[in-house]
Amino acid sequence: MSEALLQIKQLNASYDGDTDVIRDVCFELTPGEIICIVGESGSGKSTLIKAIHGMSDLIISKGQILFDGRDLTHMKGNPRRELLGTEIGLIPQDPAASFNPIRRFDVQLKEALASHSRKDEGKAAEILEKMGMPDSRAVLHNRPFEVSGGMNQRIAIAAAMMFAPRLLLCDEATSALDVTTAGSVVDELLRIRKEQGTAILMVTHHLGIAKRMADQIGIMKNGKIVEYGNVRQIFEAPSHEYTRNLIRDVPRLKR
Amino acid sequence: MDKKKKQLKRKVMIAAACAGVLVVLALLSGVIAPNDPYATNAALIRKGPSAAYLFGTDNLGRCVLSRVLVGARTTIAATFILVAISFVIGILVGMLCGFYGGIVDEVMMRIADLMLAFPQMVVAIAVAGILGGGLGGAMIALGITMWTSFARLARSHTLSIKNEPYIQAARLLGKSGPRILLIHIMPNILEPVLINALTQIGTTMIGISGLSFLGLGVVAPQAEWGSMINEARAYIQIAPWAVLFPAAATVITIIVFNYLGDAVMEYRKADQ
């Protein structure tokens with residue numbers, strides 16, 4: 001097994017400094033691996049993403065986050081900023097809110113590129129074309145409110161992949177989309193992993209998505225990872241009661 | 001576009017066209033006024049409407065039509081300037097309060113609450129009384145309470161979008177606060193605040209004319225609808241036209257601008 005890209009060690013984090021929203025979270029992500037963290041609303045999934053990404057309103061009370069050997073736990077300001085985008089990409093939950101709704105995509109992407117002193121403006125269009133979106137330059141001339149949610153999310157993926165980061169964080173990246181669109185977004189993520197070896201950490205409440213893309217699955221409940229294992233283990237021999245309930249509660253078509 | 005939206009759009013277009021006509025009339029009043037609005041004529045005191053003086057003449061023999069037209073410029077220009085200034089101050093204060101929060105936010109919003117606790121006209125009469133007559137004084141008197149509605153609206157919309165991911169993303173990109181306010185927040189909150197500005201035009205016009213009517217606004221002999229009504233009401237039984245026409249102009253203008261504001265608001269609601 002190759003060296004871990006991301007290591008989460010005994011991580012505790014809170015919003016107010018008192019109540020820990022996530023507790024004793026531990027796992028490791030190797031390059032090219034996909035880990036899905038599954039859990040219900042309020043279980044702390046998005047907080048985990050925020051802790052790794054370094055959103056400013058979160059307090060890490062215990063534990064460590066290591067990215068490629070570098071300690072991210074309390075890294076702030078410019079060093080953190082340089083990592084975000086270039087090394088760590090984020091696909092946010094709500095595709096419609098991830099862009100300024102009334103500015104053109106290309107203008108916004110250009111701004112993101114400029115902030116990392118880069119100018120390869122065709123990059124996002126190139127990525128979109130690879131996603132099977134012909135005429136991508138014209139698409140990027142639109143404003144977010146003019147295109148569909150699925151399109152927004154694809155452009156968000158393209159934006160996250162502009163710098164070819166080694167780690168992609170997906171915060172419920174498919175939950176605002178309909179099933180078919182969500183499926184094609186998952187396909188895109190799998191293709192990106194295959195072609196570029198990007199490691200993906202995806203949090204979702206959708207077991208089906210996790211089953212389809214993950215190498216490893218962590219089941220999260222009340223801020224703790226209650227079960228962790230590979231897809232087969234989780235689905236075929238779940239050891240925790242909560243996991244069994246989750247699997248049982250997935251709606252199925254009855255014949 | 002469904003039928004209802006089409007209807008609403010037509011309503012907006014009609015209201016905008018009417019408002020446009022009024023504004024053009026006001027702007028061109030100097031050119032289209034048939035007579036000198038300030039020229040007195042002792043031989044033509046309180047003459048009824050005729051071909052030469054379509055709206056009749058007032059107590060000093062001045063052409064009422066010309067005075068109504070020139071008065072339109074005073075009233076409409078003062079209203080627009082006042083709404084624009086309140087808009088700019090209100091949106092700036094609201095955005096800064098909403099975005100940065102803290103003590104400044106608390107203080108500014110309590111001041112705004114204080115202003116809103118009094119009826120606008122009462123504050124305006126008091127302030128205009130202290131400042132003495134004049135259009136400028138009347139505008140300041142009305143503006144003192146007017147900015148608050150813009151500020152509160154801008155603040156609440158800023159609060160609702162300041163934690164959106166794209167604003168966070170801009171912060172993470174290292175963009176400065178003023179830049180985020182200018183590029184990301186202002187364009188996104190502009191629409192509700194602009195619609196508020198439209199709906200405020202009618203009220204402001206009543207305010208300015210009202211203060212002038214009470215003698216706290218425009219000073220004679222400058223033509224302004226409120227002060228014209230005030231002057232002419234003394235001899236309303238002898239020459240009702242001198243009151244009627246400026247009053248009609250005021251009512252029509254206020255209805256048109258209120259209608260425009262309502263129509264735009266309805267149209268945007270239907271859009272959402």
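Since every read-out is calculated from the coordinates, none of them should be taken as a lab result. None of these values were measured; they are calculated from a predicted model. Cβ: placed from backbone, ideal geometry, glycine included. Neighbour counts: every protein chain shown.
Key figures for this structure:
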{"read-out": "Total formal charge among the other residues, if their Cβ is under 13 angstrom from that of residue B:65, Lys/Arg +1 and Asp/Glu -1", "value": "+1"}
{"read-out": "Out-of-range pairs (alpha-carbon distance over 29 Å; input A:50/A:110; A:119/B:175; A:123/A:194; A:130/B:175)", "value": "A:130/B:175"}
{"read-out": "Amide H partners (placed H, <5 Å) of residue A:168, local residues excluded", "value": "A:89, A:199, A:200, A:201"}
{"read-out": "Folded to 0 to 90 degrees: helix A:149-161 orientation relative to chain A principal axis, Cα", "value": "90 degrees"}
{"read-out": "Candidates per trypsin sites (Lys or Arg not before Pro) in segment A:1-77, loop by DSSP, up to 14 other Cβ within 10 Å", "value": "A:76"}
{"read-out": "Rounded to the nearest 20 debye, dipole of the protein assembly as shown from Cβ charges on Lys, Arg, Asp, Glu", "value": "1040 debye"}
{"read-out": "Kyte-Doolittle at least 0.0, axis length at least 20 Å by Cα - qualifying DSSP helices, chain B", "value": "B:3-27, B:64-100, B:102-117, B:135-161, B:186-213, B:241-271"}
{"read-out": "Residue order, fewest to most surrounding Cβ atoms within 10 angstrom, among A:126, B:164, A:241", "value": "A:241, A:126, B:164"}
{"read-out": "Segment B:1-72, dipole about Cα centre (Lys/Arg Cβ +1, Asp/Glu Cβ -1), debye to the nearest 20", "value": "700 debye"}
{"read-out": "Leading residue at positive end of dipole, segment B:107-249 (Cβ point charges), from B:166, B:237, B:132", "value": "B:166"}
{"read-out": "Net charge, residue A:48 excluded, C-beta distance under 15 Å - Lys, Arg +1, Asp, Glu -1", "value": "0"}
{"read-out": "Simple Cβ-charge dipole of segment B:29-188, Lys/Arg +1 and Asp/Glu -1, about Cα centre, in debye nearest 20", "value": "200 debye"}
{"read-out": "Helix axis angle, A:105-115 relative to chain A longest principal axis, alpha carbon, degrees", "value": "80 degrees"}
{"read-out": "Relative exposure of A:41, B:212, A:46, A:239, judged by other C-beta atoms within 10 Å (fewest first)", "value": "A:41, A:239, A:46, B:212"}
{"read-out": "Set of lysines near residue B:3 by C-alpha distance (under 16 Å), chain-local residues within fewer than 8 positions excluded", "value": "B:11, B:269"}
{"read-out": "Charge context of residue A:243, other residues only, Cβ under 10 angstrom, K/R +1, D/E -1", "value": "+1"}
